[in-house]
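The values are calculated or read from the model by the stated rules, or taken from the named source; none is laboratory data. Everything numeric here is computed off the predicted structure, so don't read it as measured data. In this analysis, Cβ positions are derived from the backbone assuming ideal geometry, glycine residues included, and neighbour counts consider all displayed protein chains.
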Amino acid sequence: MNPTLATISGALLGVVVGAGLVLVFVAARRTRQPVQRIDESQLAPGLIEVLDALQAPSVVVGPDDIVVRASGAAHVMGLVRADRVVPATVTDAMAKVRRDLRPRDREVVRDPALRDDRGLRTIEVHIAPLSRGFVLLLANDVTESRRLDTVRRDFVANVSHELKTPTGALALLAEAVREAANDPAAVTKFADRMNHEAIRLSNLITELLDLTRVQDSGPLSEPDEVAIDAVVAEAVDATRMAAGARRIAVTITGTEGLTAYGDKTQLVTAVSNLLGNAIAYSPEGTRVAVTMRSDDSMVELSVSDQGIGIPKDDQDRIFERFYRVDPARSRETGGTGLGLSIVKHVVANHGGEITVWSSPGEGSTFTLRLPCTADAADLATAAPPVGTADSGEGPGDTKPRIRLVS
């Protein structure tokens, strides 16, 4: 090749390569340049002050979907991450708001972006258009209200079912009595059954009222010193007939003269329910023991039986409303499935806790721990009210594991 031509070709190639490198360098610099942020001064006058005064999490998004301003609550909720609104359902709604210039409401249900230490959350977001393509988001955490709505619906459904059973039985038995008017033995049999169903219905209504009362009262507003001896005596007296009918001896042991800080009526209700369950689920001719003891700040009251026991898999759920380990036996004994739920709420109202030890075929022990002074009551509210004890050789050989049961 001609030396002059080779020199010219090499120079041209160098120019082309150099120009390409320059273009690549400029393009790379452009991609690394930060996004131009919009100044909050471009927002409508007074908007920042109004958002500062709001308690609700708030976000202002610019025309390019970059977050211009977000409250701390919006970041905590998980609505905003870095400079973007996270839930896809919200960003889709924002685009529609810009297009239609009409406010929209969007409920975000259990989006993975909205997780906190309690799990997934549900939020309601109101999205409104502002001037020049800006969009305003106002959020509200409705997780707890949705949970309560579900609880209420389940409660109404359960109550309706529980009331339908004895009322339906009474209607059928009344018809049977009318048809057996000429058979005195049959009339007596049906009348006894009607009485059983009427008592079951009365017990259900009474326990529903008790549950409503202890749930509505919440933490005690006017607690006082309560003699544990008197609480136990009233509870034993209330269950005396049931114990006698099954020839079950109720014994009281432990330290006398103890006091707890709380409400006597609620405590009598709780202990009566524990004794009633112990008697109902124990074989005839056995023993139920009530034991009292205390340490520096808490009073312990235990109810132990020699009954059928509770399987380990069921121990997590026995404090739920209407939950029964053995529904057939509950119908036989007239149990409503509300007793232990009432006990749980009473204990929670007192800032105490309840633990359970049970082994199938050996019996069960329920232990209430209640504050014995006003100072102890103030400190005790930090602990969950319900726990279970791992199955072992007996109630005294295990350490309770505290965990909340709904």
Please tell me if Arg178 is more than 22 Å from Arg321 (Cβ to Cβ), out of contact with any strand residue (DSSP E or B) (no Cβ under 8 Å at 6 or more places or on another chain), of a type in the set (D, E, K, R) and surrounded by 14 or more Cβ atoms within 10 Å (Cβ to Cβ). no
Checking Met292, Met241, Met298 in turn, the sole residue that is among the hydrophobic types (A, V, I, L, M, F, W, C), out of contact with any strand residue (DSSP E or B) (no Cβ under 9 Å at 6 or more places or on another chain) and more than 19 Å from Leu211 (Cβ to Cβ) turns out to be Met241
Per the filter on segment 261-301, residues touching a helix residue (DSSP H, G or I) at 6+ places or on another chain (Cβ under 7 Å), touching a residue at least 60 places away in the same chain (Cβ under 8 Å) and of a type in the set (Ser, Thr, Tyr) are Tyr261, Thr269, Ser297
Picking from Glu353, Glu332, Glu362, Glu320, the residue that is among the acidic types (Asp, Glu), at pLDDT 80 or above, more than 21 Å from Ala270 (Cβ to Cβ) and surrounded by fewer than 22 Cβ atoms within 10 Å (Cβ to Cβ) would be Glu362
Among the residues of segment 275-295, the number that are over 12 Å from Arg369 (Cα atoms) and among the charged types (D, E, K, R) is 2
For His345, the lone unmet condition from (1) modelled with pLDDT of 90 or more; (2) farther than 24 Å from Glu362 by Cβ is (1)
Check your understanding: Any chance segment 222-229 includes a residue that's hydrophobic (A, V, I, L, M, F, W, C) and not assigned by TED's automatic domain parsing to the domain that holds Thr269?
Key -> no
Just one listed residue, out of Glu197, Glu256, is closer than 24 Å to Arg321 by Cβ and over 25 Å from the mean Cα position of the chain (by Cα), and it is Glu197
Query raised in the report: Does Arg147 satisfy the condition of being under 30 Å from Thr122 (Cα atoms), in a helix (DSSP H, G or I) and either free of Cβ contacts under 8 Å to residues at least 24 places away in the same chain or small (Gly, Ala, Ser) (or both)?
Result: yes
Answer yes if at least one residue in segment 192-212 is outside any helix (DSSP H, G or I), in contact with a helix residue (DSSP H, G or I) (Cβ under 9 Å, 6 or more places away or on another chain) and closer than 23 Å to Thr269 by Cα, and no otherwise. no
